[in-house]
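A.B. asks: One structure follows; several queries about it will come next.
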Amino acid sequence: MGIALGTTLASLLISYYAEIATIKDTTEQYMTQYISFADRSFNDMLEEAEKISLSVVTEQEVILPGVELPQTEASYADYLQKKRMRSFLNGLMGQKDYIENILLVTKAGRIYQAGTDLIMRKDMEMPVMRRALEQERAGILFDAQTKEVLFCRPVLHGGETVGMNMVKMNYESLTAAYRIRPLQEVSIYIYGPGGDLFYTNAPMGNGREEELYRQIRGGEQNTGYLEWDGERRFFIGYGLDKGRMSTISLMPYKSLLRDAEALKIKFLAIGLGALLLAAAASIYLSGRLCVNLRQLTENMKEIQRGNLLVRAKIGSKDEIGILAGAFNGMVERIGGLLDEVRKKEKLKREAEQSVLAAQIQPHFLYNSIDSMQHVAHMRGETEIEQVAVALSELLRSVLSDRNEFITLWEEKEYIENYITIERFKYRNDFSLLWDVEEELWAFRIPKLLLQPVVENALLHGISTREEGGVISVKVGRQKSQVVVKIMDNGKGMDQETIDRLLSEVEKTDKSGFRRVGFSNVMNRIRLIYGPEYGGTIYSCEGMFTCVELRLAADGEEA
């Protein structure tokens, strides 16, 4: 009985410590992988900002015309240059949520930017902006008080600094990579190139962050155990010898062995049961326990060698059977975690491929149109060149500008580019006239609100005229409304057609393009401004058609 009991207890102790070692090693591997994934995501965002900055300063044919402009009063040429620069910077910005803005500040004080939150000259007086303008080399600049993160790179031309490019990043988006559920118990410390603290989720105020950085950086290994704040911790260091952003993570040793503590209770219960039953079942259990323990030990060794497919095939109902069930459950959980990691990695790769494809498609379209323009220019095909330029500008403005509202002046440019294309198509003489109160050019309206109405006026109004076709757009204020009248001197409509169009605005019937365009415009106006706004149609057969739109005067202003 003593031998059987001793063998049982010894086997339990061996299994327990082997299991603890397995759990500890496995948990270390998982935590290393999670922290590695988070650190890789963080550095990928920083590297993307660096690539964007390099793309800006190397495209000197695009940026130098704006950089070399003197600081003068606003002009139409200045407006066009700002528009070109915004389009260029917006194209680099893409759909990256962690990039808040891309700035190009010239020596003359001009500011070109991609973001919708305008950076004014007074903002350049902020301490972090002044520090950014004084940078002599490319690098990350971080302000701990305002949480401003900038990647700065001087713009050089002729051996001199002529401006500064700044890629503004969102601090919360950058550090979100470390706020995932598996790292909730891990203390993360991120340091800048100079060793200053960039981010931590640990309680602040003890002033020992620099001491931790020096201690880990001065060591011989980037992973291991240390005593910190009176507790043994498992540490992992990344980027400590690269002179860039460095990451140090600390995990309490007891957190590594949380599952082992639960297993310890089970082992104690098994040991107690063995003591109580040893006297009565020592002879019966001596053989079976040894066989089962040997099998379980071999299974554990297989796990230690990395074989997670092994399972303890022990069908007994005794303590060893319970232990085998717990062992199998633990292996199942480990396998599930590994599968989850692999699935997330696969989804990440698929998402990166989708983003890359989404970026390549408009880029390919722009390049194709630019090639058409270049060939037309080389062959002297002026009309085709003008159409290609108009189409390129129209697509670039519509696809690059993510704002729902644009100025009336920008809507005019959309329409002018569309008319340029249509003149090439119809080959007949027609005119587009604008009569707009001066201050309303800056009035903001929903994007492409007027273009469908102008298109209908052309297609269904004056397209059949051989010459003398005129489309006029008149915009003015009437008390609390802005009234837009789009009139053509085409074939007109009878009253029955007008009544049918007005009565079917709410319907989704798509039997005619003219009806679809008018219905779409009316529904957008009512959805955005309210049911009291909208429009109507006036027409006389053989003479004219006028579409009148009524918008809220205080709806959107630049």
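A.B. asks: Relative to the present Cα-Cα distance, how much length would full extension add between THR161 and ARG208 at 0.36 nm per residue of separation?
C.D. replies: Full-extension gain reported as 13.0 nm.
A.B. asks: If every alpha-carbon in segment 399-504 counts as one equal scatterer, what log10 I(q)/I(0) does Debye give at q = 0.22 1/Å?
C.D. replies: -1.24
A.B. asks: For segment 27-41, list residues with backbone N below 16 Å from a point placed 7 Å from the Cα of LEU338 toward its Cβ?
C.D. replies: 27-34
A.B. asks: Return an integer: the convex hull volume of the alpha-carbon atoms of segment 50-104, in Å³ per residue.
C.D. replies: Hull volume over Cα atoms, normalised by residue count, gives 84 Å³.
A.B. asks: Over segment 126-200, what lengths in whole Å, largest first, do the semi-axes of the equivalent ellipsoid take, defined as the square roots of 5 times the eigenvalues of the alpha-carbon gyration tensor?
C.D. replies: In descending order, the three semi-axes are 30, 11, 11 Å.
A.B. asks: So what J values fall out for segment 222-239 if you push phi through Karplus, 6.51 cos²θ - 1.76 cosθ + 1.60 with θ = phi - 60°, rounded to Hz, Gly and Pro as x?
C.D. replies: 9, 8, x, 10, 8, 8, 9, 6, x, 9, 6, 9, 8, 10, 9, x, 10, x
A.B. asks: Right, another one. For segment 446-500, what is the Kirkwood estimate of the hydrodynamic radius, computed as the reciprocal of the mean inverse distance between distinct Cα atoms, to one decimal in Å?
C.D. replies: When all Cα pairs of segment 446-500 are included, the Kirkwood radius is 12.7 Å.
A.B. asks: Ordering ILE421, ILE498 by how much accessible area each has at a 1.4 Å probe, largest first, what is the list?
C.D. replies: ILE421, ILE498
A.B. asks: My understanding is that a pair violates if its Cα-Cα distance is over 31 Å; which of LYS82/LYS491; LYS147/LYS344; LYS447/LYS491; LYS83/LYS346 do that in this structure?
C.D. replies: LYS82/LYS491; LYS83/LYS346
A.B. asks: Now, a different point. Could I have the simple spin-label model distance between GLU466 and GLN295, label points 7 Å from Cα toward Cβ, reported in nm to one decimal?
C.D. replies: My value for the distance between the label points is 10.0 nm.
A.B. asks: LYS147: accessible area at probe 1.4 Å, nearest 10 Å²?
C.D. replies: The accessible area of LYS147 comes to roughly 90 Å².
A.B. asks: I've got another one for you. Provide the solvent-accessible area of PHE430, counting protein heavy atoms only and rolling a 1.4 Å probe, rounded to the nearest 10 Å².
C.D. replies: Here the accessible area works out near 10 Å².
A.B. asks: Further question: Report the FRET efficiency, 1/(1 + (r/R0)^6), for GLN95 and MET543, where r is their Cβ-Cβ distance and R0 is 51 Å, rounded to 0.05.
C.D. replies: The pair GLN95/MET543 has a calculated efficiency of 0.55.
A.B. asks: On to the next question. Between TYR79 and ASN403, take the C-beta separation as r, use R0 = 22 Å, and let me know the FRET efficiency to the nearest 0.05.
C.D. replies: Step by step, r from the Cβ atoms, then E = 0.85.
A.B. asks: Given R₀ = 56 Å, what would the calculated FRET efficiency be for LEU268 paired with ASP196, taking r from the Cβ atoms and rounding to 0.05?
C.D. replies: 0.70
A.B. asks: Provide the solvent-accessible area of LEU501, counting protein heavy atoms only and rolling a 1.4 Å probe, rounded to the nearest 10 Å².
C.D. replies: Counting only protein heavy atoms, the figure is 20 Å².
The values are calculated or read from the model by the stated rules, or taken from the named source; none is laboratory data. From a predicted model like this one, the values you see are computed outputs, not experimental measurements. Counting neighbours? That spans all protein chains shown, and the Cβs are built from the backbone with ideal geometry, glycine included. Just so you know, the surface numbers come from the protein's heavy atoms only, side chains and all, with ligands and any DNA or RNA stripped out. Shrake-Rupley method; radii C 1.70, N 1.55, O 1.52, S 1.80 Å.
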